[in-house]
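Okay, structure first, notes after.
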Amino acid sequence: MDAEAGESGHAVPWEAESRMITETRSGFRPHTMELIKTQQVNVPKTYEMQQLVRAIQYDSQVLQQRFSASAEQIPIEHVLANALHLLSSTTKAGTKRIFYITNQDDPQPGPGKQLAQKACLDRMKDFHRRGIDMEPFFMSSKLHTFRVNTFYAEIVGSYDDGITDDALRPWRLRQMQDQNGGKRHAWDSTFKLQELDEQISGREMPKRVIFDLLMDLGALSKPNDAQHAKSQRASHWRIHVKGYALITEATKDMPVRVSSYGQENPSDIYEVMAYQHMYDTKTMQRIPAPEVTNAYTICEAPNGPAQVVLSDEEVKRLRTFGCIPGIKLLGFKQQSTLHFVDNIKHAYFLYPSDMEQPGSKRTFAALLNSMLSKKVYALALFMPRENVIPAFVAILPQAEEVDADGNQLVPPGMNMVILPYTDDLRDPPTTQAQHANDDQISKAGQIIDQYLRKAPFNPDAFTNPALQHHYQTLMAVAFNQEKPAYQDTILPDYALIDQVRSPIDTLM
């Protein structure tokens, strides 16, 4: 059994893992052996595990000597309790998973089977309360096909929803108990390993909240006099929203600066840090940081450039215009007035939260439904954090979409698009181009039809070959393995292009 815990609160995501084997003669629990304590994944421990696997593959006696089987059967509920104990010791963890690997579909036959299943269900409830997921890997052999419904169907079925009286529970049990159909592969170890390999190779980044702000919807009432107008911020209607980045360019991780200076062994390296100091360009004398300020050049003068000197606080006031972090609603406009070219950055997805402002979800839902019915978008002023230039944004409503079975395809919410300033706009070139005749337009349409994809583009089907090669090379170097060859998996299908190029030859 493998137990792992992932932490998503760091700048670089990391995973902690441990290895636990049951049905052995010794260990940290009766008939349980802990190979690796719960710790961050590192190269030495992983390399040690790889060497152990190679030794077992080369000589089966290593397995019998290192992990000799116990004559006494360990209760399955004790196995789950031991795994729970391992992961409970990991305090800082964003996700926790248990990989349960077994080839015994009836581990506890006999009169005590129902009591054992009930005890396992209690352990599953403990997993659910502590936010622990379990991934079962049920293994079949040529002589025996693993039958889920013999012992584990009720256990895994109750864990799927976390509640034993869920309305979907009978359907899930039928899905697991159907041994003749194609649904059994959901618990087959072969398919589970393929899914796990795809998850690892895909390097999916954790979904984090980009900003957590108050959205100002306007004043609750008009102030009666100038004195109350000054304190209008306290009488404004605000809701709490969180912003998510639905798409972000995946890049290579930045390397860490290291050095072996002063070490006898060149392989003993340590991390180094960079410090910044200011020097006078004429005398090269070091200047203390508090004595350094900001100067902006206005124009060139005979005695040198004319400069305006501003303090850090003055620069901050010029950048923020007195705004505070948040989203301030300015008004509404028809969606027809918003153009595609106005989107200059990736949009943010807004979703409400009642943690700090109770009633935010209800107010957000009412505003969303009203904007959808009137086909308008909101114009707002957006400032994500301190000392950032505010930006005008367009907040587009997004309706919920579900399939025929009621499964959610698109969540309800709002998309916030960063709008450009006038200085950001560029006029297209005014060079007059030649106009195509009707025959050329018709043939060009045929070319487009030939190359048009019937299915929509799915980015989940394509991985970045450069990133994949980079991380595969790092892994090979770390484990002293042969470096992999570069494989470009997104090259065009030139054979198919040659088959459909006849309209192009006709046009040429």
Just to confirm my numbers, what's the Cα centroid distance between region 458-483 and region 48-112 in Å? 30 Å
So who's got an amide H within less than 5 Å of the one on Leu419, skipping anything under 5 residues away but keeping other chains? H placed 1.01 Å off N, in plane. Phe392, Val393, Ala394
Please list, in chain and number order, the residues 5+ apart from Ser140 or on another chain whose amide H is under 5 Å from its amide H, with Hs placed from the backbone. Phe146, Ser189
My understanding is that a pair violates if its Cα-Cα distance is over 29 Å; which of Lys328/Lys375; Lys328/Lys374; Lys37/Lys142; Lys96/Lys192; Lys242/Lys374 do that in this structure? Lys37/Lys142
Mind ranking 470-481, 126-137 by how tightly packed they are, going by the mean number of other C-beta atoms within 10 angstrom, highest first? 126-137, 470-481
State, as an integer percentage, the relative contact order of region 447-507 based on alpha-carbon contacts under 8 Å between residues 6 or more apart. 39 percent
Which length gain, in nm to one decimal place, applies between Ala301 and Asn265 when the Cα-Cα distance is subtracted from 0.36 nm times their residue separation? 7.2 nm
Separation of the Met254 and Gln432 label points, Cα + 7 Å toward Cβ, nm: 5.3 nm
Can you grab the distance from the C-alpha centre of region 298-339 to the C-alpha centre of region 397-442, Å, no decimals? 29 Å
Sorting Cys120, Cys323 on the 10 Å Cβ count, fewest up front, what's the list? Cys323, Cys120
Here FRET efficiency (C-beta to C-beta, Met278 to Tyr471, R₀ 35 Å, nearest 0.05) is 0.35
What is the order of Asp342, Asp488, fewest Cβ neighbours within 10 Å to most? Asp488, Asp342
How far apart, in nanometres, would the label points at Val53 and Leu330 be if each is projected 7 angstrom from Cα along the Cα-to-Cβ direction? 5.7 nm
Translational D in µm²/s for region 447-507 (Stokes-Einstein at 20 °C, 1.002 mPa s, Kirkwood Rh from C-alpha pairs): 145 µm²/s
Quick note, region 352-435: a/c under 1.5 would make it rounded; otherwise a/b > b/c is prolate and the rest oblate (a ≥ b ≥ c, C-alpha gyration tensor); here it is oblate
With a ≥ b ≥ c from the Cα gyration tensor eigenvalues, square-rooted, and the rule rounded for a/c under 1.5, otherwise prolate when a/b > b/c and oblate otherwise, region 307-376 is oblate
Fully extended contour minus Cα-Cα distance, from Thr320 to Gln499, at 0.36 nm per residue: 58.6 nm
Volume per residue (Å³) of the convex hull spanned by the alpha carbons of region 96-143 is 58 Å³
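Read-outs throughout are calculated quantities, based only on the coordinates presented, and are distinct from any laboratory measurement. Owing to the predicted nature of the structure, the values given are computational and were not obtained by experimental measurement. Every residue, glycine among them, receives a Cβ derived from its backbone with ideal geometry; neighbour counts consider all protein chains shown.
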